[in-house]
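What follows is one structure encoded as structure tokens, with my remarks underneath.
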Amino acid sequence: MLKELLESIFRNVPSGVGRAGKVKLSFSDLDEVLANGARWAVDKGYGTEKDLEHLEENGCMKGANPTKVSSEARKRGAPQLGTLGAGNHFLEIQKVDKIFLPEIAKIFGIEKEGQATVMIHTGSRGFGHQVCTDYLRILESRFRDELRKLPDRELVYAPSETKECEDYFSAMACAANYAWTNRHMIMHWIRESMVKTLGMKLEDIGLEVVYDVAHNIGKIEEYEIDGKKRKVYIHRKGATRAFPAGSPDIPKDHQKVGQCVLIPGSMGTASYILVGTETAKETFYSTAHGSGRVSSRAKMLKGFRGEEVARRLTQRGILSRPASWKVMAEEAPEAYKDIDEVARVTEEAGISKRVVRLVPMGVVKG
């Protein structure tokens with residue numbers, strides 16, 4: 001049954017480099033997505049109103065302005081909405097392996113070990129990449145003096161209160177809204193696959209959204225710095241936010257315990273659900289996003305064959321459905337740090353606490 005389900009999801013969710021989606025959008029349709037985020041998906045019949053409660057920013061970041069997005073970004077984004085992509089992006093059918101904090105896990109919807117879950121890891125696809133590329137060029141041209149002081153050109157920035165800063169922030173918000181919509185549509189098709197494959201009603205499957213959290217994003221947040229409350233830009237690159245209990249910016253039913261934090265592992269290894277803490281104030285309420293690479297994709301291609309990686313996963317009881325053997329080789333578990341160690345260190349640092357350990361049963365790779 002798992003093999004049939006994995007195959008159904010692979011057919012239902014377009015994946016792979018440059019793969020186009022099932023939904024055809026005009027530029028005006030795309031602008032609605034960029035302005036309204038996951039709300040657009042729900043209005044079109046993808047997912048439910050209840051789902052939006054468990055999406056960061058309810059799936060729509062304020063300040064998004066589609067007029068700040070280039071035509072090139074639109075050309076890349078319009079055909080790719082509702083696609084998984086490639087690289088480290090994945091869909092994974094998992095099961096609960098260990099529960100560390102049962103009461104918090106229950107609030108997150110995790111009630112017992114062995115319970116099945118699904119994790120989706122993807123984002124704004126080529127659209128978000130193009131938005132970044134466009135503004136890198138603008139900022140490199142406009143702020144040459146600042147650029148000369150930096151160790152890497154991609155660290156270029158626009159000083160706050162400049163037009164370039166405001167324009168980029170509006171375009172980045174569009175990319176975030178695209179990403180929430182993208183994941184929301186994928187989630188809808190996963191539900192469809194489960195209903196079809198398992199022959200059950202959706203309400204009996206119980207596939208509810210635990211949380212959808214963004215990474216590689218900038219936010220305006222208020223913190224006490226040098227004894228004064230200040231609004232600042234918080235850039236979480238390779239990180240996610242981890243707000244504590246009582247934060248008004250997390251779902252109402254999570255506010256007693258803190259924000260749900262997701263740390264995905266690599267293909268074939270565990271992933272974690274954690275919870276935000278007050279101690280994370282030291283890192284501007286930010287925590288790790290994932291296990292992080294230790295080997296480049298080029299190095300992995302020299303040392304691994306995708307077919308062999310898939311065979312080893314099967315021997316461990318993990319089914320895989322890749323769009324290409326090349327990606328399987330690039331994303332072999334050996335390319336990444338030990339996720340258990342990452343989660344342990346994250347907890348010992350006090351920036352989020354382990355709630356649940358998840359292990360894979362089947363994985364779809366783009």
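The values are calculated or read from the model by the stated rules, or taken from the named source; none is laboratory data. Note that this is a predicted model, so its numbers are computed, not measured. Because the Cβ atoms are built from the backbone with ideal geometry, glycine has one as well, and the counts that use them run over all protein chains shown.
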field: Count of the stretch 203-236 residues which are among the aromatic types (Phe, Trp, Tyr) and either buried (at least 16 other Cβ atoms within 10 Å of the Cβ) or not assigned by TED's automatic domain parsing to the domain that holds Gly109 (or both)
entry: 1
- request: Could you please let me know if Gly59 is surrounded by 21 or more Cβ atoms within 10 Å (Cβ to Cβ), modelled with pLDDT under 95 and either assigned by TED's automatic domain parsing to the domain that holds His129 or within 20 Å of the chain's Cα centre (by Cα) (or both)?
  value: no
- prompt: Which residues, taken from the stretch 62-84, are crowded, with 20+ Cβ neighbours inside 10 Å and at positive phi?
  reply: Gly82
message: Yes or no: the stretch 69-77 includes at least one residue that is outside the structural domain of Met361 (by TED's automatic domain parsing), farther than 30 Å from Pro322 by Cβ and in contact with a His (Cβ under 8 Å, 6 or more places away or on another chain).
response: no
- line: Residue count, the stretch 128-183, condition at pLDDT below 95, under 21 Å from Asn65 (Cβ atoms) and of a type in the set (Asp, Glu), comes to 1
task: Kindly provide the set of residues from the stretch 251-285 that are surrounded by 22 or more Cβ atoms within 10 Å (Cβ to Cβ) and farther than 30 Å from Gly317 by Cβ, ordered by number.
output: His254, Val257, Gly258, Gln259, Gly276, Thr277, Ala280, Tyr285
message: Which condition from (1) in a helix (DSSP H, G or I); (2) touching a residue at least 24 places away in the same chain (Cβ under 8 Å) is the one that Glu308 breaks?
response: (2)
- prompt: Can you find a residue in the stretch 336-353 that is charged (D, E, K, R), under 20 Å from Lys106 (Cβ atoms) and buried (at least 16 other Cβ atoms within 10 Å of the Cβ)?
  reply: yes
- request: Could you check Gly123 against (1) closer than 17 Å to Lys68 by Cβ; (2) crowded, with 16+ Cβ neighbours inside 10 Å and say which number it fails?
  value: (1)
- prompt: Picking from Tyr285, Tyr272, which residue would you name as being in the same structural domain as Thr240 (by TED's automatic domain parsing), closer than 24 Å to Lys95 by Cβ, hydroxyl-bearing (Ser, Thr, Tyr) and touching a strand residue (DSSP E or B) at 6+ places or on another chain (Cβ under 8 Å)?
  reply: Tyr272
query: Looking only at residues in the stretch 12-56 that are among the aromatic types (Phe, Trp, Tyr) and in a helix (DSSP H, G or I), which one is surrounded by the fewest Cβ atoms within 10 Å (Cβ to Cβ)?
result: Phe27
- prompt: Residues Gly290, Gly350: which one is closer than 22 Å to Phe100 by Cβ, over 19 Å from the mean Cα position of the chain (by Cα) and outside any strand (DSSP E or B)?
  reply: Gly350
statement: The condition of being more than 20 Å from Asp212 (Cα to Cα) and in contact with a strand residue (DSSP E or B) (Cβ under 7 Å, 6 or more places away or on another chain) holds, among Met267, Met300, Met328, only for Met328
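Residues checked against (1) of a type in the set (Val, Ile, Thr); (2) more than 18 Å from Tyr211 (Cα to Cα):
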position: Gly258; (1), (2): no, no
position: Arg311; (1), (2): no, yes
position: Ala332; (1), (2): no, yes
position: Thr346; (1), (2): yes, yes
- prompt: Of the residues Pro66, Pro102, which single one is modelled with pLDDT of 95 or more, of a type outside the set (Gly, Ala, Ser) and in contact with an Asp or Glu (Cβ under 6 Å, 6 or more places away or on another chain)?
  reply: Pro66
message: Out of Ser295, Ser320, I need the residue that is within 23 Å of the chain's Cα centre (by Cα), among the polar types (S, T, N, Q) and either in a helix (DSSP H, G or I) or within 21 Å of Leu91 (Cβ to Cβ) (or both). Which one?
response: Ser320
message: Taking the condition of being closer than 25 Å to Gly317 by Cβ and crowded, with 19+ Cβ neighbours inside 10 Å, how many residues in the stretch 87-108 meet it?
response: 10
query: If we scan the stretch 343-354, do we find a residue that is modelled with pLDDT under 95 and hydrophobic (A, V, I, L, M, F, W, C)?
result: no
query: Name the pairs whose Cβ atoms lie under 8 Å apart, with the first residue in the stretch 140-162 and over 17 Å from Ile234 (Cβ atoms) and not assigned by TED's automatic domain parsing to the domain that holds Arg236, the second of a type outside the set (A, V, I, L, M, F, W, C) and not in a helix (DSSP H, G or I), and 6 or more positions between them or separate chains?
result: Phe143/Tyr157; Phe143/Pro159; Glu146/Tyr157; Glu146/Pro159
